[in-house]
């Protein structure tokens, strides 16, 4: 039997062992192949066997060797990033997975694993962008959709989380984890409705009567003109705050997230940096508008506080 036949037998037997859940035995079989004779497939199976057997250090060594020996092999970079994330070396994982994306921008697995690493670094916005890119490339990527929904749930974006989990169930009907998270969303939505803002309630006139009847001096005597001026001020401030708040809301989602995603892609894609840097300019414009909006609202509320202080002094 030739060396080629021997290698084919090793590949066949190791694949069977991995599928049978005997990853450690497969790793032992594959490790017998000398480094000088390792093909991409042998190395990939060896790293996978070590990973499934829980030997993360050995898996890392194999995939690092692959990135040196076969630097254009995107799967080696993706798997190395996955192993690093599993060991909670998230910053290293991000660097490795960005290299994977540089080699193949259409690799959904690379974007998915990049999302996991960014989430590990608590960079939720970047993780959302990575998961969205993975889903753009592969709309039926249930694991990416699941992880995206979990981030939205953590951020109390309940409608977006609900949509994600419903989409997961369309892809994987009966998936227990998605059903459990969907139940969490519905429970929080119900709780939110119970604790809704009371600003729309009318004043309890009986309580108001009791609180002021015993001490008429608590009532500030003002003229009709003053009262009208106060109403006009409240309306003016309210209109201004609402207008600015609406502008801020339109900037936040999805515009701001999309622009952050564009900057993330610039960091990864050298060609894009040379071709177009408008993403950075767009993000600067948006953040400047948000800052201006914050200053406008702060100034409006300061006017109200000042007026209340003057009113208090007139009591």
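The values are calculated or read from the model by the stated rules, or taken from the named source; none is laboratory data. No experiment lies behind these values; they were computed from the predicted model shown. Ideal geometry is used to build each Cβ from the backbone, glycine not excepted, and the neighbour counts take in all protein chains shown.
The combined condition, being closer than 30 Å to residue 68 by Cα and free of Cβ contacts under 8 Å to residues at least 60 places away in the same chain, is not fulfilled by residue 176. Looking only at residues in the stretch 166-213 that are at pLDDT below 95 and not in a helix (DSSP H, G or I), the one that is surrounded by the most Cβ atoms within 10 Å (Cβ to Cβ) is 204.
Take residue 32 and tell me if it is more than 20 Å from residue 100 (Cα to Cα) and exposed (fewer than 12 other Cβ atoms within 10 Å of the Cβ).
Taking the combined requirement at face value, the residue satisfies it.
The criterion of at least 2 residues that are at pLDDT 75 or above is met, among helices (runs of 4 or more DSSP H) falling completely within the stretch 228-315, by 278-313. For the stretch 112-134, filtered to residues that are free of Cβ contacts under 8 Å to residues at least 24 places away in the same chain and at negative phi, the residue that is surrounded by the fewest Cβ atoms within 10 Å (Cβ to Cβ) is 123.
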